[in-house]
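First comes the structure, then the notes that go with it.
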Amino acid sequence: METIRFAAEEKALLVARLQRYFSEELKQSIGRFDAEFMLDFISEELGAYYYNRGVADAQAVLAAKAEDLADAVWQLERPTEFKR
């Protein structure tokens, strides 16, 4: 799997959210550099787990849609003298 990379604007937003979390929930201040370092760590060490969960969720959605399509096609079938 390729390394997850964020655009500069995305990374800035994520860093700001980490800083806010530390401030509001942990009552600790964290600088931009430390927040970026933490974001990189989380991305590298935990990102694949979240990514894989998203892939599994997408596979489940696709499987359900494929089943819906198969049912829809089956309903198009017309009665004939031949039985399957």
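In the chain, what percent of the accessible surface is made up of carbon and sulfur (1.4 Å probe, ligands and nucleic acids excluded)?
Numbers: 4470 of 7920 Å².
Carbon with sulfur: 56 percent of the solvent-accessible area.
Where in region 30-84 are there chymotrypsin sites (Phe, Trp or Tyr not before Pro) that are in a DSSP coil and have at most 10 other Cβ atoms within 10 angstrom of their Cβ? Don't jump to the answer; show the numbers that get you there.
Details: sites: PHE33, PHE37, PHE41, TYR49, TYR50, TYR51, TRP74, PHE82; in loops: PHE82.
Hits after loop and neighbour filter: PHE82.
Dipole magnitude of the chain about its Cα centre, charges +1 at Lys/Arg Cβ and -1 at Asp/Glu Cβ only, in debye to the nearest 20?
Working: 11 positive and 16 negative charges, 33 e Å.
It comes to approximately 160 debye.
In the neighborhood of LEU46, defined by Cβ-to-Cβ distances under 12 Å, what is the net charge if each Lys or Arg adds +1 and each Asp or Glu adds -1?
Details: positive: ARG53; negative: ASP40, GLU44, GLU45.
Counting the neighbours of LEU46, the net charge comes to -2.
What's the long-distance tail for region 16-84, i.e. % of Cα pairs beyond 18 Å? Walk me through the numbers before you get to the answer.
Working: 1550 of 2346 pairs.
Pairs farther apart than 18 Å: 66 percent.
Using a 1.4 Å probe, what is the accessible area per residue for the chain, in Å²?
On the way: 7920 Å² over 84 residues.
Computed with neighbouring chains in place, this is 94 Å² per residue.
Counting GluC sites (Glu not before Pro) as exposed when in a DSSP loop with at most 11 other beta carbons within 10 Å, what is the longest stretch of the chain free of them? Could the numbers behind the result be given before it?
Values: sites that count: GLU2, GLU77, GLU81.
In the chain, the maximal stretch lacking such sites is 3-76.
222 nm [θ] for the chain, helices only, -39500 (n - 2.57) per DSSP H run of 4+, per residue, to 500? All intermediate terms of the calculation are to be shown ahead of the outcome.
Values: 2 runs with 62 residues, N = 84.
Calculated mean residue ellipticity at 222 nm is -26500 deg cm²/dmol.
The values are calculated or read from the model by the stated rules, or taken from the named source; none is laboratory data. As the structure is a computational prediction, the values presented were derived from the model and not from experiment. FYI the Cβ positions are ideal-geometry reconstructions off the backbone, even for glycines, and counts take in every protein chain you see. Protein only, heavy atoms only, side chains kept; ligands, DNA and RNA dropped before computing areas. Shrake-Rupley method; radii C 1.70, N 1.55, O 1.52, S 1.80 Å.
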